[in-house]
Amino acid sequence: MGTYLGVAVVHAALLYKHEGYKNEEEYRFLHVRGLTDSIADLKRRARGSRIIHFDEFDWKTRWPQALRVIVIGPAAEEAAARSFVSECLTAGGLKPDTVRITRSAIPYRG
């Protein structure tokens, strides 16, 4: 029973998010591991005084067309941000011309 409830909660968390973030139209990927699966292959990083285990998900191989748009925030200097995004896409093995880069319509309040 507990497993089914846990799956239902995770499923709901993937499908719903706060209305304030609706404009993000993001995808969420989930990789489920069994409770008895080894964690020896997981990577680790520090968060405060804790060690967090994580697994990298190779979405670029599984679904390379998932990244369609990158929105530059209202506080960013647009030309520098566009250049940075293009460099990051190239460094990540993606073609910058396949991802639309746009500017946020939300006004900046500094």
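Bear in mind these aren't lab numbers, they're just calculated from the coordinates by the rules spelled out. This is a predicted model, so every value here is computed, not measured. Please note: Cβ atoms are built from the backbone with ideal geometry, for glycine as well, and neighbour counts cover all protein chains shown.
Once the chymotrypsin sites (Phe, Trp or Tyr not before Pro) in DSSP loops with at most 13 neighbouring Cβ atoms within 10 Å are cut out of the chain, the longest remaining piece is 58-107.
Taking each DSSP H run with n ≥ 4 as -39500 (n - 2.57) and averaging over every residue of the chain yields -8500 deg cm²/dmol at 222 nm. In summary, the aspartates and glutamates within cross-link reach of K17, defined as a Cα separation below 20 angstrom excluding same-chain residues under 8 places away, comprise E25, E26.
Net charge in the neighbourhood of I101 (other residues with Cβ under 11 Å of its Cβ; Lys, Arg +1, Asp, Glu -1) is +2.
Across region 1-99, C-alpha contacts under 8 Å between residues 6 or more apart give a mean separation that, scaled by the residue count, equals a relative contact order of 14 percent. For I70, the residues whose modelled amide H falls within less than 5 Å of its own, excluding neighbours fewer than 5 places apart on the same chain, are R100, I101, T102.
Computed over neighbours whose Cβ is under 15 Å from that of R50, the net charge equals +4, Lys and Arg +1, Asp and Glu -1.
Taking the inverse of the mean 1/r over every pair of distinct Cα atoms in region 39-110 gives a Kirkwood hydrodynamic radius of 14.9 Å. Of all segments of the chain bounded by trypsin sites (Lys or Arg not before Pro) found in a DSSP loop with no more than 14 other C-beta atoms within 10 Å, the longest spans 69-108.
The local environment of E19, defined by Cβ-Cβ distances under 15 Å, has a net charge of -1 under the rule Lys, Arg +1 and Asp, Glu -1. Model label sites at L14 and I70, defined 7 Å from Cα along the beta-carbon direction, differ in position by 2.6 nm. Each Lys and Arg adds +1 at its Cβ and each Asp and Glu adds -1 at its Cβ; summed about the Cα centre, the chain shows a dipole of about 160 debye.
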